[in-house]
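Trainee: Questions regarding the structure given below will be posed in turn.
Read-outs: derived from the displayed coordinates by stated rules, not from any lab. Everything numeric in this text was worked out from a predicted model, so none of it was measured. Don't worry about glycine lacking a Cβ; one is built from the backbone with ideal geometry, like all the others, and counts go over all protein chains shown.
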Amino acid sequence: MTGERVSRRDFLVFGGILGSLFGWIPFLRPSHVSLAGARFRIIRKGHSNRRYVVIHGDEQTARQALRRLMQSQEGAAFEIENQSRNVPIAGGRIDPNRMFSRAGAEADLKKLNPDWTRAQIGAALDLLDRGRARLIHALLPPRGGLLVALHNNTGEYSVADEESLSDRGFVPRPDHPHAFYLCTDPADYQVLAASGYNIVLQQHGPEDGSLSRLCATRGVRYVNVETARGDLTTQVDMLNWLEWKLA
Ligand SMILES: [Zn+2]
């Protein structure tokens, strides 16, 4: 009887250790998804309907914040492998956060490749059209899920630039204008506005080919967590706040 108890106890202890190991060690299933010259590494962990993305290759603080987050969170993380902001396409360049619509991509291709002919732009747009759905399918969360994008900014860009483009805005920290949430869902806006961080809601806006615009158009919950480059502490804190408060 005693022996049975011991072995049962041992079994439970062993099971508990195994359970915590499986809960702690990420179940990694590395794979990739690409569009034009943009290539994303995918880290999947657990079965959460959370999706995370770092889309600009030169935003190293966002990369660090994402990797730290994925030590404790479940979901699928998409980290761009390119190291520069813009990625190669058909001998030219494009901002990977302008690829999500043909119209947005066209405007960006013309801006970044001013010497391109109409035919070159058309060929690049056709290339994007052929691969866009696959990337979107990979990136977007299942119904009701949340897509979190991590960005860093430098220079003059701040929440002030987004306020005039937004449906709603709340700037409780005007002294820290580079740190803000940008979301597409009014309910998420209400929750995140209590964080004490700056926030804007963008349900409507010009079609620029960005991921936020795609999500707003499709009614997908999206939150961009944006901070100044190098401000890892703030970016991690904003992510933690989001994780604690958003279901
Ligand atoms: Zn960015």
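Trainee: Do you know which of the residues in the stretch 49-66 that are more than 13 Å from the ligand (Cβ to nearest atom) and over 12 Å from the mean Cα position of the chain (by Cα) is nearest to ASP237 (Cα to Cα)? Talk me through it step by step, then tell me what you get.
Mentor: Initially, the stretch 49-66 is screened for residues more than 13 Å from the ligand (Cβ to nearest atom), giving 49-52, 64.
From the residues that got through so far, the ones that are over 12 Å from the mean Cα position of the chain (by Cα) too are 49, 64.
Working: ASN49: 21, GLN64: 13 Å.
Checking each candidate, the answer is GLN64.
Trainee: Okay, moving on. Return the pair list, or none, for Cβ contacts closer than 7 Å from residues in the stretch 78-90 that are without any contact (Cβ under 8 Å) to a residue 40 or more places away in the chain to residues that are away from the ligand (no atom under 13 Å from the Cβ) and not aromatic (Phe, Trp, Tyr), at least 6 apart or on different chains.
Mentor: GLU79/ARG41; ASN86/ARG93; ASN86/ILE94; ASN86/LEU112
Trainee: On to the next question. Within the stretch 199-209, how many residues turn out to be under 10 Å from PHE170 (Cβ atoms) and over 18 Å from the mean Cα position of the chain (by Cα)? Before the answer, list the steps.
Mentor: The initial filter retains those residues of the stretch 199-209 that are under 10 Å from PHE170 (Cβ atoms), namely 199-201.
After this cut, where a residue has to be over 18 Å from the mean Cα position of the chain (by Cα) as well, the list is none.
The number of residues fulfilling the criteria is 0.
Trainee: Please state which one of LEU109, LEU128 is surrounded by 21 or more Cβ atoms within 10 Å (Cβ to Cβ), of a type in the set (A, V, I, L, M) and in contact with a Lys or Arg (Cβ under 8 Å, 6 or more places away or on another chain).
Mentor: Values: LEU109 fails: in contact with a Lys or Arg (Cβ under 8 Å, 6 or more places away or on another chain).
Step by step, each of LEU109, LEU128 is checked, and only LEU128 is surrounded by 21 or more Cβ atoms within 10 Å (Cβ to Cβ), of a type in the set (A, V, I, L, M) and in contact with a Lys or Arg (Cβ under 8 Å, 6 or more places away or on another chain).
Trainee: I need the full set of residues from the stretch 142-164 which are more than 13 Å from the ligand (Cβ to nearest atom) and assigned to a loop (DSSP other than H, G, I, E, B), in order please.
Mentor: PRO142, ARG143, GLY144, GLY145, GLU156, SER158, SER164
Trainee: Moving on. Hey, SER164 hits all of (1) surrounded by fewer than 15 Cβ atoms within 10 Å (Cβ to Cβ); (2) touching a helix residue (DSSP H, G or I) at 6+ places or on another chain (Cβ under 9 Å); (3) of a type in the set (S, T, N, Q) but one; which does it fall short on?
Mentor: (2)
Trainee: Within the stretch 187-212, how many residues are in a loop (DSSP other than H, G, I, E, B) and of a type outside the set (Asp, Glu)? Walk me through it before giving the result.
Mentor: In the first step, residues of the stretch 187-212 are kept if they are in a loop (DSSP other than H, G, I, E, B); the result is 194-197, 202-210.
This time we only want the ones that are of a type outside the set (Asp, Glu), so: 194-197, 202-206, 209-210.
Summing the residues that are in a loop (DSSP other than H, G, I, E, B) and of a type outside the set (Asp, Glu) in the stretch 187-212 gives 11.
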